[in-house]
1. Scan segment 289-319 residue by residue and report those that are open to solvent by 30 Å² or more (accessible area, probe 1.4 Å) and within 20 Å of the chain's Cα centre (by Cα).
2. Being under 24 Å from Ala167 (Cα atoms), touching a residue at least 24 places away in the same chain (Cβ under 8 Å) and over 28 Å from the mean Cα position of the chain (by Cα): is that true of Glu209 here?
3. If I filter segment 223-250 down to residues being open to solvent by 10 Å² or more (accessible area, probe 1.4 Å) and β-branched (Val, Ile, Thr), which single residue comes out as farthest from Val300 (Cα to Cα)?
4. Report whether or not Arg171 is basic (Lys, Arg), surrounded by fewer than 20 Cβ atoms within 10 Å (Cβ to Cβ), closer than 30 Å to Phe128 by Cα and out of contact with any Ser or Thr (no Cβ under 8 Å at 6 or more places or on another chain).
5. When the residues of segment 5-36 are filtered to those that are more than 18 Å from the chain's Cα centre (by Cα) and modelled with pLDDT under 90, which remaining residue is nearest to Ala99 (Cα to Cα)?
6. Go through Gly154, Gly164 for me and flag whichever is open to solvent by less than 70 Å² (accessible area, probe 1.4 Å) and not in a helix (DSSP H, G or I).
7. Pairs, please: C-beta under 6 Å, at least 6 apart or cross-chain, first residue farther than 18 Å from Lys14 by Cα and in segment 101-113, second of a type in the set (S, T, N, Q)?
8. Can we say Leu210 is buried (at least 16 other Cβ atoms within 10 Å of the Cβ) and of a type outside the set (Asp, Glu)?
Amino acid sequence: MSKPVLVGDVGGTKIRLALASSSLGHVQLHNIKVYDDPTIPSFEDAIEDYLSSSDVKPKSALFALAGPIADDGSIKLTNRTWPRVVPSVIQSRFLIDSATIVNDFAAMARAIPEIPNDSFETVIESHFSPEGPILVTGPGTGHGVSTLIQSVTGGWRVMTGEGGHSAFAPRNMREAAIRDVIARTYNYVSVEMIVSGRWLMPVYEAICELEGVTPEDLSPQNILDRADAGDKVCVEVCKFRANALMGAVGDAALITGAHAGVVLTGGVAERMVKWLRTTEASDRFLERGPMSPFLAHTPVSVLMHDEAPLIGAAALALE
């Protein structure tokens, strides 16, 4: 059993912290604690609360946070108003020898080889097993994108970026109209602004405007329930977001050469499995003009595992 490492996964909604160790090559998590209080003033406050309730005082830490990493290894989270998170500050405050920050989707991608097969829901099946990169992407509060590549030595490398902030590309006049309504307020309309949880209401309100109806104060579950009941606006919201996500994922798979598969992650993707499996959404991924054969055998699945980023952070920390 290796010495315990403090690991964390921080998105726009939840903070997960745990102690990680390795036994016989398998990652193990202990003392998992989830914080979903939006009033927590900083990441360091969450760490302090966690360590104060633990008898173990780890000497190293790795945290997966949602945002781009600066040259000095610090990060300003994209979807939180916290102060910048700085590794050296964490080391000094908590007497930790080493603290590392990685992009949250680096951890999400690294988790994929560690997750059992029954944690994946199939969206597009393939009977082939091509080698190549695996695209790991998906909408939660925001929208992350990363690529997992197996090295010649058998290990794994992760490439991250900010693909969720690439521009949304409408495929028809209706989608362009929805984009244009949103653009009146926000000017630049990214993929994240169409598919992520944080931007659900602007999409819903844009479709209400185009339909000439007054928007209501609905939760994401309300919209899903109404869509299941046949509500015209809510059905369009679900179809539009599913189609847009599969289209953007197909674009990213073409760019990264993700022959080995696409894994969708995040709470939004988990709730949208039904809509992602429609023929219309699948066609958005597969139809690529003369390059359609390029993705013809690429499987697409949705990861259903809340602790995946923690597992990935542990794998990165223990490697």
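1. Of the residues in segment 289-319, the ones open to solvent by 30 Å² or more (accessible area, probe 1.4 Å) are 289-294, 296-297, 299, 304-307, 316-319.
Matches in segment 289-319: Pro299, Met304, His305, Asp306, Glu307, Leu316, Ala317.
2. Numbers: under 24 Å from Ala167 (Cα atoms): yes; touching a residue at least 24 places away in the same chain (Cβ under 8 Å): yes; over 28 Å from the mean Cα position of the chain (by Cα): yes.
Yes: the conditions hold for Glu209.
3. Applying the filter and picking the extreme gives Val233.
4. Against the criterion (basic (Lys, Arg), surrounded by fewer than 20 Cβ atoms within 10 Å (Cβ to Cβ), closer than 30 Å to Phe128 by Cα and out of contact with any Ser or Thr (no Cβ under 8 Å at 6 or more places or on another chain)), Arg171 qualifies.
5. The extreme case among them is Ser21.
6. Values: Gly164 fails: not in a helix (DSSP H, G or I).
Unique residue meeting the criteria: Gly154.
7. Every condition considered, the pairs that remain are Ala109/Ser146.
8. no
The values are calculated or read from the model by the stated rules, or taken from the named source; none is laboratory data. The structure displayed is predicted, hence computed values, not measured ones. All Cβ positions, glycine included, derive from the backbone under ideal geometry; neighbour counts span all protein chains shown. The area values use the complete protein model at the heavy-atom level, side chains included, leaving out ligands, DNA and RNA. Shrake-Rupley method; radii C 1.70, N 1.55, O 1.52, S 1.80 Å.
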